[in-house]
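Have a look at the structure below, then the notes.
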Amino acid sequence: MSQTVHSLSEQLGETVGAFMSSLPDDDAQIVGASFEKLHASHTGEKAIAVGEIAPDFTLPGATGELINLHNKLNEGPVVLSFYRGGWCPFCNLELQALQALLPEIKALGANLIGISPETPDNSMTTAEKHQLEFDVLSDVGNKTARDYGLIFTVYEEMRPLYLKWGLDVPASNGDDSWELPVPATYVIDSNCVARAVHADKDYTKRMEPEQILAALRNL
């Protein structure tokens, strides 16, 4: 079992609770209604699932170098994490957990790759802020996220709140679409098959680090 005091899910739950309790009533009602709408939606239902082939991609890293999935798979398994952006507090908790897990991922012969729709400059900012030592790729326009069935568009009623909170998604992504990926983690084997998947339209929920390690050990 993990030696951390709090699991990632516990940290995320605490963050959600603190955030919701800090909101004015009117804002809390909008956020609550948007979550109900999200949970009732079909968002993410067509995401690449366990046993399916993970679509190939070539995307720029934070420093501009192009990273190709198939080339990485020639080195061993890949842990692929789609996150919304460095502005997302839930993503930041996950990125920190993944960075802490990186030595164990590497010890199991795997590579770790993060993907967001942020521009390369903003991806570099995210990588530097969290001292990330794994590839952080820029999926501008969410083409790869779309290939994986992970597209979500921020509801119009939530957009003014995002901007009020300083979460400028269009500025981060370099477009006005307000499209984001459903947060998802894939453990992909050397044959490009997704062997473990966590894709949840509830963006406050992520794959536990121990589940990632267990999936890698089972390859």
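Applying the selection to the range 129-163, what residues are farther than 22 Å from residue 42 by Cβ and touching a residue at least 12 places away in the same chain (Cβ under 8 Å)? Even if it seems obvious, please write down each step before you answer.
Let us first name the residues in the range 129-163 that are farther than 22 Å from residue 42 by Cβ, namely 129-138, 140, 160-163.
Passing the criteria: 129, 130, 131, 132, 133, 134, 135, 136, 137, 138, 140, 161.
Hey, can you tell me all the residues within the range 15-51 that are more than 19 Å from the chain's Cα centre (by Cα) and of a type in the set (D, E, K, R)?
Across the range 15-51, the qualifying residues are 25, 26, 27, 36, 37.
Tell me, yes or no, whether the range 78-92 has at least one residue that is charged (D, E, K, R), modelled with pLDDT of 95 or more, in a loop (DSSP other than H, G, I, E, B) and under 17 Å from the mean Cα position of the chain (by Cα).
Yes, that holds for at least one residue.
Give the range 157-202 a look and list any residue that's among the acidic types (Asp, Glu) and in contact with a Phe, Trp or Tyr (Cβ under 8 Å, 6 or more places away or on another chain), or say none. Show your work before the answer.
Within the range 157-202, the subset among the acidic types (Asp, Glu) is 157, 168, 175-176, 179, 189, 200, 202.
Residues satisfying the conditions are 168, 179, 202.
When you look at residue 123, is it under 20 Å from residue 15 (Cβ atoms), of a type in the set (Gly, Ala, Ser) and crowded, with 23+ Cβ neighbours inside 10 Å, yes or no?
So residue 123 does not fit the description; no.
If you go through the range 26-61 one residue at a time, how many are exposed (fewer than 12 other Cβ atoms within 10 Å of the Cβ), among the acidic types (Asp, Glu) and touching a strand residue (DSSP E or B) at 6+ places or on another chain (Cβ under 7 Å)?
0
State whether one or more residues within the range 62-72 are surrounded by 18 or more Cβ atoms within 10 Å (Cβ to Cβ) and either touching a His at 6+ places or on another chain (Cβ under 9 Å) or at pLDDT below 95 (or both).
yes
Can you give me the number of residues within the range 27-63 that are small (Gly, Ala, Ser), in contact with a helix residue (DSSP H, G or I) (Cβ under 6 Å, 6 or more places away or on another chain) and part of a loop (DSSP other than H, G, I, E, B)?
Residues flagged as small (Gly, Ala, Ser), in contact with a helix residue (DSSP H, G or I) (Cβ under 6 Å, 6 or more places away or on another chain) and part of a loop (DSSP other than H, G, I, E, B) within the range 27-63 amount to 1.
The values are calculated or read from the model by the stated rules, or taken from the named source; none is laboratory data. The shown structure was predicted, so the numbers you read here are calculated from the model rather than taken from an experiment. Here Cβ is always computed from backbone atoms with ideal geometry, including for glycine, and neighbour counts include all displayed protein chains.
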